[in-house]
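A.B. asks: Handing you this structure, nothing more for now.
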Amino acid sequence: MSKKVKEMAAEERPYEKCLTHGAKALTDAELLAIIIRTGTRGENSIELAGRVLESSCMVQGILGLQHLTVPELMKVKGIGKVKAVQLACLAELSKRMARTRLSERIIFSSPEEIAGYFMEEMRHKEQEELYVLMMDGKNRLLYETSLFKGTVNASLVSPREIFIEAMKHQAVTIALLHNHPSGDPSPSREDVLITRRIRDTGELVGIPLLDHVIIGDTNYVSMKERGIL
């Protein structure tokens, strides 16, 4: 049977270790153990945390948390609803902190930079999702929002809704971004129709559409580079 955390030497316990040496001194499992707090029968919180970190089939380790839903976390023995919600919120909080820090200086000067910034977040999604990126006159990201989820269909995507958001955030230009769960980023007929409708609306309201980038599995297509835009 594993040694309980309270039975460990003080310098080995995550909480005391953090107090003495700071959070940077903790391993990923130890950091997670402080959030989880308790283990299971025959397993301490650090060992349970280690199993959580290995539970994502997409990405192993701490980044895997960002790909686990609450129901998926609850499949890990010892993780109930409360702990699953706490871990999901922790992952989302870390994602937002990282994105906020990057967005203060991120400038999208090419479709490659757009794809690289969103690749890991979007290539694992199980359904299509359309993002609108709003930028200032120097192509610096002001705000991003997901407006449509599901099959990205030209009849459902509303240019009006997109440009209301753009004007609300004082965007000078916008770019579109969505994923293909199949892994093939080749534009569909609907993708082309959506792009051209929004391009035409942008020209009317004075907020140009710079590009529409489609994310596949570690690859992407730029509508601008393809000459569609």
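The values are calculated or read from the model by the stated rules, or taken from the named source; none is laboratory data. As the structure is a computational prediction, the values presented were derived from the model and not from experiment. Because the Cβ atoms are built from the backbone with ideal geometry, glycine has one as well, and the counts that use them run over all protein chains shown. Heads up: the accessible areas ignore ligands, DNA and RNA and are worked out on the full protein's heavy atoms, side chains in. Shrake-Rupley method; radii C 1.70, N 1.55, O 1.52, S 1.80 Å.
A.B. asks: Please give the FRET efficiency for GLU203 paired with ILE107, using the beta carbon to beta carbon distance and R0 = 30 Å, rounded to the nearest 0.05.
C.D. replies: Numbers: r = 23 Å, r/R0 = 0.78.
The calculated FRET efficiency here is 0.80.
A.B. asks: Oh, and also: Using heavy-atom solvent-accessible surface (probe 1.4 Å) with all chains present, what is the largest-first order of ILE162, ILE107?
C.D. replies: Details: ILE162 0, ILE107 75 Å².
Final ranking, largest accessible area leading: ILE107, ILE162.
A.B. asks: Another question, then. Loop-only GluC sites (Glu not before Pro) in segment 1-79, please: DSSP not H, G, I, E or B, and at most 15 other Cβ atoms within 10 Å.
C.D. replies: Working: sites: GLU7, GLU11, GLU12, GLU16, GLU30, GLU43, GLU47, GLU54, GLU72; in loops: GLU54.
Of the GluC sites (Glu not before Pro), the ones in loops of segment 1-79 whose Cβ has at most 15 other Cβ atoms within 10 Å are GLU54.
A.B. asks: While we're looking at this one, here's another question. Are there DSSP H segments in the chain that both extend 20 Å or more along their axis (alpha-carbon positions) and score a mean Kyte-Doolittle hydropathy of at least 0.0? List them, or say none. Mind showing how you got there, number by number?
C.D. replies: On the way: long enough: 81-103 (32 Å, 0.03); 189-205 (24 Å, -0.52).
Length and hydropathy pass: 81-103.
A.B. asks: Please work out how much length the chain gains when fully extended from GLN60 to ILE228, using 0.36 nm per residue of separation minus the C-alpha to C-alpha distance, in nm with one decimal.
C.D. replies: Numbers: separation 168, 0.36 × 168 = 60.48 nm, distance 3.77 nm.
My answer for the length gained is 56.7 nm.
A.B. asks: List the lysines whose Cα lies under 25 Å from the Cα of LYS83, skipping any in the same chain that are fewer than 8 positions away.
C.D. replies: By straight Cα distance, LYS83 reaches LYS3, LYS4, LYS6, LYS17, LYS24, LYS75, LYS95, LYS125.
A.B. asks: Separate question: Where does the chain land on Rg(C-alpha)/(2.2 N^0.38 Å)? Please list the in-between numbers first.
C.D. replies: On the way: Rg = 21.7 Å, N = 229, 2.2 N^0.38 = 17.3 Å.
Against the compact-globule rule of thumb, the ratio is 1.25.
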